[in-house]
Amino acid sequence: MKRSDTIIRVGHEAVPWIGGVVGKARTLGFAAVLGLMALTPAQGAEAPASRLIERFHETLIGVMKEAETLGFDGRYQKLAPAVKETFNLAFMARFAAGSYWKKLSADQRGKLVEAFSSMSIAIYAERFDGYSGERFDTLDEKQFRSSTRLVKTGLVKSDGKTIILNYLVGQRGGNWRVIDVHFKGVSELAVRRSEYTSALKRKGFDGLIAVIEKKIANLRKKRG
């Protein structure tokens, strides 16, 4: 597809393209693509995506405060329902598999969604492993078409420094769910797509599942 395109399609889904993969794990600049979009502010009662993210952040802060007591497995169990409620994991797994998705059987698709979901939860359980006065601020929500919002948030550290996290949120069937997260201008979903399609090409489906399971085990070992 042309770099100027701002919409990508996965099956029957259409979402904004926030940066394409360059090489194995890099994306185009976030701000450059936003310049192509007709974004308008969404405020108050018309900010459903922000409310979704704020609920998720409340859960994260709660888990961070109990992180040492919970350990990795406890954090995983606490975060699992929130991650599943906040993220459209089935869509994300399908996108990450790229063109290989249509070649997978129904059973393989189910296994990939399950593995992708487990790894997503494990990543949050590993990353948010302590608390020292941090907070999340919702900075902005803007609309791109009727069913897609961009929510800009900041994780304010105890030293006052702010880490910007941008969430791309899509609506389907009346429900708003996150379909991508951008950190330092990099699309996490684009990174997963690069990794997964490479593994599928080199190692096949079973090889990809083995790679994901190994990553989960390493995250548990790292922060157990």
Next on the checklist: Residues to consider are Val191, Val178, Val211; find the one that is outside any helix (DSSP H, G or I), under 20 Å from the mean Cα position of the chain (by Cα) and either surrounded by 14 or more Cβ atoms within 10 Å (Cβ to Cβ) or among the small types (Gly, Ala, Ser) (or both).
Outcome noted: Val178
Checklist entry - Would segment 22-42 turn up any residue that is at pLDDT below 95, under 16 Å from the mean Cα position of the chain (by Cα) and part of a helix (DSSP H, G or I)? => result yes
Item to check | Single condition Arg172 does not satisfy, out of (1) surrounded by fewer than 17 Cβ atoms within 10 Å (Cβ to Cβ); (2) over 18 Å from Lys84 (Cα atoms); (3) among the basic types (Lys, Arg) | outcome: (2)
Checklist entry - How many residues does segment 59-92 hold that are free of Cβ contacts under 8 Å to residues at least 40 places away in the same chain, within 24 Å of Val156 (Cα to Cα) and basic (Lys, Arg)? => result 1
Checklist entry - Mind checking which residues of segment 168-224 are free of Cβ contacts under 8 Å to residues at least 24 places away in the same chain and at positive phi? => result Gly173, Gly174, Lys184, Gly204
Next on the checklist: Given the condition in a strand (DSSP E or B) and either at pLDDT 95 or above or surrounded by 18 or more Cβ atoms within 10 Å (Cβ to Cβ) (or both), answer yes or no: does some residue in segment 106-126 qualify?
Outcome noted: no
Checklist entry - Based on what the data block shows, is Thr153 at pLDDT 95 or above and closer than 21 Å to Pro48 by Cβ? => result yes
Checklist entry - Identify, please: which residue in segment 153-169 is polar (S, T, N, Q) and farther than 16 Å from Phe56 by Cβ and is, among those, surrounded by the most Cβ atoms within 10 Å (Cβ to Cβ)? => result Thr162
Next on the checklist: Please determine whether any residue of segment 139-155 is small (Gly, Ala, Ser), in a helix (DSSP H, G or I) and either free of Cβ contacts under 8 Å to residues at least 24 places away in the same chain or within 23 Å of Glu85 (Cα to Cα) (or both).
Outcome noted: no
Next on the checklist: Here are the criteria: (1) farther than 26 Å from Gln77 by Cβ; (2) in contact with a helix residue (DSSP H, G or I) (Cβ under 7 Å, 6 or more places away or on another chain); (3) in a loop (DSSP other than H, G, I, E, B). Tell me which single one Tyr131 does not satisfy.
Outcome noted: (1)
Checklist outcome for this item: Residue set Phe95, Phe56; condition in contact (Cβ under 8 Å) with a residue 24 or more places away in the chain, closer than 20 Å to Thr197 by Cβ and either surrounded by 18 or more Cβ atoms within 10 Å (Cβ to Cβ) or of a type in the set (Ser, Thr, Tyr) (or both); output residue Phe95
Checklist entry - Are any of the residues in segment 156-166 touching a residue at least 60 places away in the same chain (Cβ under 8 Å) and assigned to a strand (DSSP E or B)? => result yes
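The values are calculated or read from the model by the stated rules, or taken from the named source; none is laboratory data. Values in this document were obtained by computation on a predicted structure and should not be read as measured data. When we count neighbours, we look across all protein chains shown, and the Cβ atoms used for this are built from the backbone with ideal geometry, even at glycine.
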